[in-house]
Amino acid sequence: MSNLPDILQEIEDLVGLSAAIAIADAKGGTRAYIPAKISDNGHWLVATVGREKADKICAHFAVNGQGDRHLIPMAGNLATARKHNAIRKMVDENTPIDIIARTAGCHRRTVFRVASKEPQTLPLFDQEG
């Protein structure tokens with residue numbers, strides 16, 4: 001969990017951290033309309049997170065088949081969320097844990113904690129020489 005505020009945390013839980021960050025970047029600090037269903041691929045939400053994630057978000061936030069405006073907060077912990085997202089990407093790429101820690105500027109334990117939501121096995125040792 002990245003401790004994002006309000007709706008962004010809900011979006012992270014629903015479709016992932018990168019989508020929550022993208023929405024904060026696109027609409028943070030404003031009220032944004034999230035329709036019950038998107039019929040246009042040019043909609044800001046589809047352009048921001050992709051069709052599949054946009055559809056999940058719309059279905060999740062629809063009330064009685066209707067869309068609504070939502071205040072999209074500025075992500076107070078956005079720097080941390082971005083760092084965690086970068087760590088997860090490196091984990092997905094099977095980057096050795098010590099390289100991840102050095103690249104992200106954090107402790108190995110932070111990498112393990114951030115990656116603990118992920119089912120992959122982390123490479124424990126650098127593969128350098």
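What the table shows:
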| item | result |
| --- | --- |
| Point-charge dipole on Cβ atoms (K/R +1, D/E -1) for region 1-112, about Cα centre, debye to 20 | 260 debye |
| Rounded, prolate or oblate (a/c below 1.5 giving rounded, otherwise prolate when a/b exceeds b/c) for region 61-102 by Cα gyration tensor | oblate |
| Estimated vicinal HN-Hα couplings, Hz - region 42-47 in sequence order (Karplus 6.51, -1.76, 1.60; Gly, Pro = x) | x, 4, 4, 5, 5, 5 |
| Surface per residue (accessible, 1.4 Å probe) for region 52-92, Å² | 58 Å² |
| Carbon plus sulfur fraction of accessible area for region 19-74, probe 1.4 Å, in percent | 49 percent |
| Estimated translational D of region 33-98 in µm²/s (Stokes, Kirkwood radius over Cα pairs; 25 °C; 0.890 mPa s) | 175 µm²/s |
| Under 5 Å, built H, 5+ apart or other chain: amide partners of HIS70 | ALA32, TYR33, ILE34 |
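The values are calculated or read from the model by the stated rules, or taken from the named source; none is laboratory data. Just so it is clear, the structure is predicted and the values come from calculations on it, not from any experiment. Glycine gets a Cβ as well: all are built from the backbone with ideal geometry, and neighbour counts include every protein chain shown. When the accessible area is computed, the model is the full protein with side chains, heavy atoms only, and any ligands, DNA or RNA have been set aside. Shrake-Rupley method; radii C 1.70, N 1.55, O 1.52, S 1.80 Å.
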